[in-house]
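What follows is one structure encoded as structure tokens, with my remarks underneath.
The values are calculated or read from the model by the stated rules, or taken from the named source; none is laboratory data. Keep in mind that what you see is a predicted model, and the values were worked out from it rather than measured. We place every Cβ from the backbone using ideal geometry, glycine too, and count neighbours over all the protein chains shown.
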Amino acid sequence: MRVEVQSALIGAFVTVAVMTGMLLRLRRRRSDLLFAVFCVTLVAWFLAFFLRGTFGDDPWLRVELAIAALVPAAMVRLFVDLLPWTARPTLRNVAYPTSVLFALAALSPIGDLEIVQASVGVYVGVIVLASARRMIAAGDLGQGTVEHARRRYLAFAAVVVTLMAILGELPPIRGSFTAISHLTVMLYVFFLSQVILRDRLLDLNEFVGRMAVLAILAVLFAGISALLISLGNNASSRLFNAVVGVIILLTLYDPLKDRLETKVVELFFRERYRFIQVLEDLRRRMQHGVLDPAKMSQIVSDTLYDSRRATHVAVYLLEPMGNSFRVHAYRGPEPSSRVDARELPELWHAIQQNRAPILAEQLAGGKEQAPDAATKRDLIDAMRAVSADMLFPFVSGESVLGFLALRDDRSVEPYSTAEIAGLMKIAETAATVIWNSKLAERLRERERLAAIGSMAAGLAHEIRNPLGAIKGAAEYLDPSAYQKQEQGELLQVIIDETNRLNSVVSQFLDYARPFRANLQATDVNELLKKTAKLLEAQKGEQSGGLILDLDDRLPTITADSEQIKQVLINLIINGREASQGSGKDVTVATRYLPERGLIEVRIKDQGVGIPPEDLEKIFIPFFTTKPQGTGLGLAVCQRIVMNHNGIIYPESKVGAGTEFVIQLPVQPKELISTTGSFSRPRAGSKVSPSVDLPAPPPAPKSEG
């Protein structure tokens, strides 16, 4: 059997193998199906060539020419779907019917004429050249961009492969040259499959590396197969040896492929190899011994920046209230401190909705006339605000816990596909670290609550009864009856301090007690008016006023009015204390959010604000910045609001005051039990102040 005939048969097998590997992934995407159609056309062309070489030209030469005429139509359709370029309508409209006409002409008796055979070859070359020229000249990508350069060599390769296939049909150079042309077609099919699988045009260096690995494996496996088959003395033994060879090849393929890829990168792409090693070392450090997200953020930013492969690195983590991401560590120029739905809405929504890596080069590769072109430009601008050309979310289940922003402004193509895969593993490990830290914090919180419960039960019996006796005795002595002012003041100190200690014990009991609620229709506006009258009587000389800005459209909600009142009183008093001495007012505003079925209460003071390092701690039990505070007031408020299936979060800026935002559902019917009390809120029932957040996921499995 001649070498070109054998190469055609091998080409058919290889193309079927590549196509099958693509279809077995079951992604059901349009580009996958179009690639399969293109592969089927090439397989038919390879088989027609094989049959022609085996049984003669008649009628297989005409069949081969007819199938060759259909190849440009399949290629143009695949490229139009695969790449963000707009083919000329004339090119698309002409390619399909013209291919059919040439195919019918080749199958007819006139297909034996040399002029018809030459016309088919010229037609195939012209269509491929025209589509390649259109790909390169398309105005949707700027000259000199990475995607434009990649598209150029993809189009150039298509032209080279087509011309070699056409030249391989010329009688003077048929033979070894034809076999080489078949090999180039096989390589191009493999290259296209990799482009489709990775959703990113491979750079030339990466493609050459992959081809080198594939070539080494092919030579090695061919040698093993030939050796085993040659050891057989008859057909049965050769068949048995062939089966053994296949088993050996399947066993060795994955470890050999991984090892060879590593060696090729190490030998020819040393900088890339070192960076991949840095990523692997970083991943191992994160997996062993790092449980603090802040420490993890610093390690990631320092390691990536010190690798000299990034000029901008920033790690953002989701704030406890879930309404924004805040930068926890960065190297290079300072990025934006927060990402939320107000300041950077495009980036916030892209992260929450996609939960996948965002690459600026892919966003810039779209059509300028596309409907989403303006949105993509806004997203690129938002990525610049966080110093990112690449953004890797920390995804755990359905939640995004943070993201890694990375940029290298020294190169238009800083990272290969393999390096991006390594960075994605870093993001996965970071998500595991953050989620494990949350689980550890929950465990510590349970232990803390158990301790509070035990202590509260003891306090109730051991302290409150003596306190009642002390207070009763002091009141019986009547401080106002003493002629000496000093003695009366001391008795009043006993009474005041007894009341304060009783209040501390009550807060312990409130926090440790299981949640109970007396549900009823509650008008929050009326509740605020009554609260304002109550607090007006307690207003100090240096305290400012209380301004109410109430929404008349506010509907009633189903809630425990006394508990909601407790939250409002606590927050208003805190606001007054923060503004104490300035005489500034505390503003309470209500709003109805009908599109989300929520009411919103905003309590704003004009105090000094809360430092950023304290914002994450204010709801932690026993954390306080007050000289005589217990650190339980805000913790109790959060617990009440969360058990009403709502959220509470602060918005604060040092020097500009603090605003606490409470959002409550109007009618949380699914949480009302038949006994008239709330059940515990289900995971994920909280509503974000900006977007609906997904449910907290189960803890991801650690790879260790």
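Look at (1) of a type outside the set (Gly, Ala, Ser); (2) closer than 30 Å to ALA440 by Cα; (3) loosely packed, with under 15 Cβ neighbours inside 10 Å; (4) in contact with a helix residue (DSSP H, G or I) (Cβ under 7 Å, 6 or more places away or on another chain) and you find that LEU282 fails only one, number (3). With the requirement that a residue be touching a Gly at 6+ places or on another chain (Cβ under 8 Å), farther than 12 Å from LEU548 by Cα and of a type outside the set (A, V, I, L, M), what does the stretch 578-612 give you? Of everything in the stretch 578-612, those that are touching a Gly at 6+ places or on another chain (Cβ under 8 Å), farther than 12 Å from LEU548 by Cα and of a type outside the set (A, V, I, L, M) turn out to be SER579, GLN580, SER582, GLY583, LYS584, ASP605, GLN606, GLY607, GLY609. Among residues of the stretch 396-407 that are over 10 Å from ARG355 (Cα atoms), those with a Cβ under 7 angstrom from a residue that is small (Gly, Ala, Ser) and in a strand (DSSP E or B), sequence gap 6+ or separate chain, pair up as ALA405/ALA314. Screening LEU250, LEU214 for residues that are assigned to a helix (DSSP H, G or I) and at pLDDT 80 or above leaves exactly one candidate, LEU250.
Return a yes/no flag: does the stretch 14-24 have any residue that is part of a loop (DSSP other than H, G, I, E, B) and in the same structural domain as ALA179 (by TED's automatic domain parsing).
Yes, the stretch 14-24 contains a residue that is part of a loop (DSSP other than H, G, I, E, B) and in the same structural domain as ALA179 (by TED's automatic domain parsing).
Of all residues in the stretch 389-425, those being under 14 Å from the mean Cα position of the chain (by Cα) and among the small types (Gly, Ala, Ser) number 6. Among the criteria (1) modelled with pLDDT of 80 or more; (2) within 25 Å of ILE662 (Cβ to Cβ), the one PRO320 does not fulfil is (1).
Whether a residue is within 24 Å of TYR415 (Cα to Cα) and either at pLDDT 85 or above or part of a helix (DSSP H, G or I) (or both) was assessed, and ARG274 passes this test. Residues in the stretch 389-404 that are over 18 Å from ALA360 (Cα atoms) and modelled with pLDDT under 90: 4 in all.
If you go through the stretch 323-334, how many residues are under 18 Å from LYS653 (Cα atoms), crowded, with 20+ Cβ neighbours inside 10 Å and not hydrophobic (A, V, I, L, M, F, W, C)? Working first, answer last.
Restricting attention to the stretch 323-334, the residues satisfying the condition of being under 18 Å from LYS653 (Cα atoms) are 323-328.
Still in the running and crowded, with 20+ Cβ neighbours inside 10 Å: 323-325, 327.
Now restrict to residues that are not hydrophobic (A, V, I, L, M, F, W, C): 323-324.
Final tally of qualifying residues: 2.
Taken over the stretch 356-382, the residue count meeting the criterion of being crowded, with 17+ Cβ neighbours inside 10 Å, part of a loop (DSSP other than H, G, I, E, B) and modelled with pLDDT under 85 is 3.
Give the residue that is surrounded by the most Cβ atoms within 10 Å (Cβ to Cβ), with candidates limited to residues of the stretch 288-316 that are under 17 Å from LEU423 (Cα atoms) and aliphatic (A, V, I, L, M). Looking at the filtered set, the residue picked out is ALA314.
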